[in-house]
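The values are calculated or read from the model by the stated rules, or taken from the named source; none is laboratory data. All values reported here derive from a predicted model rather than from experimental measurement. We place every Cβ from the backbone using ideal geometry, glycine too, and count neighbours over all the protein chains shown. Just so you know, the surface numbers come from the protein's heavy atoms only, side chains and all, with ligands and any DNA or RNA stripped out. Shrake-Rupley method; radii C 1.70, N 1.55, O 1.52, S 1.80 Å.
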2 protein chains.
Amino acid sequence: MRGTSKYDREVLSALECDERFRSCQEIHSRLAEARGGGSRPPSLSTVYRTLHRLARQGEIDTIHAEDGERLYRRCETSPHHHLLCRVCGRVEEIPHAWELRPVLDRVGYQSGFSELGCSLQLSGVCPDCGRSVPTGEDPEERGADAVL
Amino acid sequence: MRGTSKYDREVLSALECDERFRSCQEIHSRLAEARGGGSRPPSLSTVYRTLHRLARQGEIDTIHAEDGERLYRRCETSPHHHLLCRVCGRVEEIPHAWELRPVLDRVGYQSGFSELGCSLQLSGVCPDCGRSVPTGEDPEERGADAVL
DNA sequence: AGATTATTGATAATCGTTTTCATTTTCGCA
DNA sequence: TGCGAAAATGAAAACGATTATCAATAATCT
């Protein structure tokens, strides 16, 4: 596998204008819908392979849904974090590292770990959902490892 | 399901002295080994159910492995984050929220999101592994969404 | 063009997890 | 103590996302 697919571009553009993370299967059916009817869309296998490759090359981000399903999203070029609405699933991107870098440096210094990276998954209730859903969701639905 | 199982205690104690996250199946076979031979261990289904319940009750943390497998670990009582060694899988616990709270407050203020929680998964190379593995791991192996 | 190599698609295999359902256990209460 | 409802359990089937397989196709090189 030298790392190309004629579908790379198409998959990327299917992800292009998305504010949500998408599963491989969503992307696949989106590709199928997107064509007028002339050419055949790539197979599911190929979409999986393409997503793998793009993720490995750092072109796209992957996260895990609560149920372990892999979700993909186009990377922005600058470092960023994600803010997930626990109610509707909308994801917003948080500009960059904020004042997190010093935290990482400190952790690295104190723990002896090197090459520190971090994945910060923020979750909350977005303004829209906050209005409609008054209170008291099932705790089951909350991010499983929200610890703060 | 009113929320008890005669295995709750046993599952918790199987998790008790662990510095790694464990999969349900690991826990299950651990329970099987732990008995002399008299009584029968709980079934895999029951271990799954028990872990669900404990996670919902906040007794244990869950995270996802790279492949989406769910991993469980006993919660400490105070808020904390996890620092994962990308080479050996060792997990250390980072005391508490550090100076992260102000970051969350700011994000909440600027985004309009409410009830902000966060899961901070830090990863790096632990001191032991840092000595033995000089450099250049396969980028495939890195945490998929290490963004900082 | 011909040979070599990589990519693709269809399908089967994997594997962690969840459901189902019949059986057993637990618990309240007369 | 014994009965009956409700919950918990185990075994196995169902599920579903992902991965592996392999023959067919397309791309590449000389």
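Only residues that are within 13 Å of DNA strand D (Cβ to nearest atom), of a type in the set (A, V, I, L, M) and out of contact with any helix residue (DSSP H, G or I) (no Cβ under 7 Å at 6 or more places or on another chain): list them for region B:31-60, please. Passing the criteria: only B:32.
Within region A:35-58, the set of residues being modelled with pLDDT under 85 and either open to solvent by less than 70 Å² (accessible area, probe 1.4 Å) or not assigned by TED's automatic domain parsing to the domain that holds residue A:8 (or both) comprises A:35, A:37, A:58. All of A:16, A:10 fail the test of being in contact with a Pro (Cβ under 9 Å, 6 or more places away or on another chain) and away from DNA strand D (no atom under 11 Å from the Cβ), apart from A:10.
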